[in-house]
Amino acid sequence: MIPMVNLKAQYAEIKDEIERGLAETIDNCSFILGPHVQAFEKEAADYLGVKHAIGCASGTDALHLALLAEGIGAGDEVITSAFTFIATAEAIKYVGAKPVFVDIDPQSFNITPENIEKAITAKTKAVMPVHLFGQPVNLPAIKAICDKHGLKLIEDCAQSFGASVNGKQTGGFGDAAGFSFFPSKNLGCFGDGGLVTTNCDKAAAKIKQYRNHGSDVRYYHDVIGYNSRLDEMQAVVLRAKLKHIDQYNAARRHAAHLYSELMADLPLTTPHEDGLGVHVYHQYTLLSERRDEIMKALQDQQIACAVYYPVPLHQQNVFKDECAGLSLPVTESVAANCFSLPICSSISDDTIKQIVAVIRSVFN
Ligand SMILES: *Cc1c(COP(=O)(O)O)cnc(C)c1O
């Protein structure tokens, strides 16, 4: 059986360090906002090249806290992608704003500066682009549009930890950004976890309040906040993995390039690197009109594969009424033909060759 993500090999390399940190945390009983969370926040901020990195309970919460801190609320419109995980739009709804879905580029699957600019209205307050599958959106162009129209830029970096544009990490280009540490993400913990980044001191102070019951000083509350802290135990895991993140992402890029090279002659569309930034391949996603046939062949050989995402957000039951009449032809066509293959930092060349051989057999 070949899974989508194999975390066991990665764990074996850092097991001792993690076990030591966990044992220490248990001995000290410092479970909430302890020394490892503080240290991880500092290390993550340094790695990402941002002034502030604030741990929280999940990637979904990270986006929610970022929107709150930027003052996005009822009646506001936030431009985003419909070709993403539901959490992107959920966060926008949590603050009472309206997600405005725009179409994607057929090659990068990311929303484009042109489509964003066309969707701006008097109610638009923010743009929340998703660096989908680990490939950065056109950040310089999107930032320029946001500056020109006075909009906040909030990056959804859930799939892009370690991806960069012109040598600068995603998560530092806009007003704020949200990262996810869900176990299968490029930097994953042993449960749920998230991170908000910002270069603004005021926003950072608000995020810290909101994640901890609206409080700076224990039992004194300034706003209605949330219980959304990053667990100390998860910070231990993240500190150990952060040291290796460049190596993990390099291994993902190697795997992706090998897949693409081995399938170059096949009649399917392998992932396109648009050169606007460094793609860290959270997913390796292809397009084929024979998707179902290929996936069945893989499944018959005990090889996992998956469709991210089969139903774009504007066509989900929850958004059907709100988005009635909205047509996003590129998004819809990509959703109908896309499928993703196993990829992670520990996948071997042999495993990739084995997977490609099965795909090749479909076309013979
Ligand atoms: C995973 C993900 C999220 C949500 O992160 P969680 O940690 O699962 O809450 C948000 N946006 C995108 C694009 C994601 O892939």
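So, by mean Cβ neighbours within 10 angstrom, what's the order for 212-223, 143-154 with the highest one leading?
Those peptides, ordered most packed to least, come out 143-154, 212-223.
Going by average Cβ density within 10 Å per residue, which order do the peptides 161-172, 313-324 take, highest to lowest?
For the peptides 161-172, 313-324, the packing ranking is 161-172, 313-324.
Report the full-extension gain for the segment PHE31 to SER327: residue separation times 0.36 nm, less the Cα-Cα distance, to one decimal in nm.
Full-extension gain reported as 101.8 nm.
Hey, quick one: spin label on LYS168, modelled 7 Å out along Cα-Cβ, who in the stretch 126-144 has an amide N within reach, i.e. under 20 Å?
Those under the cut-off are 126-132, 134-144.
At 222 nm, what value in deg cm²/dmol follows for the chain if DSSP H runs of at least 4 each add -39500 (n - 2.57) and the sum is divided by all its residues, to the nearest 500?
-12500 deg cm²/dmol
Take the alpha-carbon centre of the stretch 1-36, take the same for the stretch 87-121, and report the distance between them in whole Å.
Using only Cα atoms to place each centre, the spacing works out to 36 Å.
Read phi for every residue in the stretch 297-314 and hand back ³J(HN,Hα) as whole Hz from Karplus 6.51 cos²θ - 1.76 cosθ + 1.60, θ = phi - 60°, with x for Gly and Pro.
Values, residue by residue: 4, 5, 4, 4, 9, 6, 10, 6, 7, 7, 9, 10, 10, x, 10, x, 4, 5 Hz.
Please list, ordered by chain and number, the residues whose modelled amide H lies under 5 Å from the amide H of ILE2; skip anything fewer than 5 residues away on the same chain.
Answer set, sorted by chain and number: ILE303, ALA304.
With a Förster radius of 25 Å, plug the Cβ-Cβ distance of LYS123 and TYR94 into 1/(1 + (r/R0)^6) and report the FRET value to the nearest 0.05.
The value I calculate is 0.90.
Once the piece of chain linking ALA205 and ARG360 is laid out straight, how much longer is it, given 0.36 nm per residue of separation minus the C-alpha distance between them?
Length difference between fully extended and current span is 50.4 nm.
Report, as a whole number in µm² per second, the diffusion coefficient that Stokes-Einstein gives for the stretch 245-363 at 20 °C and 1.002 mPa s using the Kirkwood radius over alpha carbon pairs.
Translational D for this selection: 138 µm²/s.
So how do 193-199, 46-52 stack up, highest first, on mean other-Cβ count within 10 Å?
193-199, 46-52
Using each residue's phi in the stretch 346-357, evaluate 6.51 cos²θ - 1.76 cosθ + 1.60 at θ = phi - 60° and report the 3J(HN,Hα) Karplus result to the nearest Hz, with x for Gly and Pro.
In residue order, the calculated couplings are 10, 6, 8, 4, 4, 4, 5, 4, 5, 5, 5, 4 Hz.
Considering the options VAL137, ASN110, HIS149, tell which one lies farthest towards the positive end of the dipole of the chain, charges being +1 on Lys and Arg and -1 on Asp and Glu at the Cβ, about the Cα centre.
HIS149
Using +1 at the Cβ of each Lys and Arg and -1 at the Cβ of each Asp and Glu in the chain, identify which of THR285, ALA9, GLY193 lies farthest towards the dipole's positive end.
It is GLY193, whose Cα lies furthest towards the positive end.
Around ASN199, with a cut-off of 9 angstrom between Cβ atoms, what is the net charge of the other residues, counting Lys and Arg +1 and Asp and Glu -1?
Combined, the nearby Lys, Arg, Asp and Glu give -1.
For the pair ILE86 and GLU24, what calculated FRET efficiency results from E = 1/(1 + (r/R0)^6), where r is the Cβ-Cβ distance and R0 = 25 Å, to the nearest 0.05?
Efficiency, rounded to the nearest 0.05: 0.10.
How large is the dipole of the stretch 245-363 about the Cα centre if only Lys and Arg carry +1 and Asp and Glu carry -1, each at its Cβ, rounded to the nearest 20 debye?
Computed charge dipole of the stretch 245-363: roughly 180 debye.
Just subtract the alpha-carbon distance of SER184 and ASP16 from 0.36 nm times their residue separation and send over the number in nm, one decimal.
So the extension gain works out to 58.4 nm.
Once you've got the GNM for the chain with C-alpha springs shorter than 10 Å, pick whichever of ILE142, ILE26, ILE352 has the biggest mean-square fluctuation.
Of ILE142, ILE26, ILE352, the Gaussian network model singles out ILE26 as fluctuating most.
How big is the charge dipole of the stretch 313-364 about its Cα centre, in debye rounded to the nearest 20, if each Lys and Arg gets +1 on its Cβ and each Asp and Glu gets -1 on its Cβ?
Dipole of the stretch 313-364, to the nearest 20 debye: 200 debye.
With +1 on each Lys and Arg Cβ and -1 on each Asp and Glu Cβ, how big is the dipole of the chain about its Cα centre, in debye rounded to the nearest 20?
For this selection, approximately 360 debye.
Calculate the FRET efficiency for GLU289 and VAL318 from the Cβ-Cβ distance with a Förster distance of 45 Å, rounded to the nearest 0.05.
Result of the calculation: an efficiency of 0.95.
Let me know the volume per residue of the alpha-carbon convex hull for the stretch 242-300, in Å³.
Expressed per residue, the convex hull around the Cα atoms of the stretch 242-300 is 108 Å³.
Name the residue farthest towards the positive end of the dipole of the stretch 212-270 from the options ALA240, TYR220, HIS254, assuming +1 on Cβ of Lys and Arg, -1 on Cβ of Asp and Glu, about the Cα centre.
ALA240
Readers should treat all values here as calculations from the given coordinates under stated rules, not as data from a laboratory. This one's a predicted model, so the numbers in the text were calculated from it and none came from an experiment. Quick reminder, even Gly has a Cβ in these numbers, built from the backbone with ideal geometry, and neighbours come from all protein chains shown.
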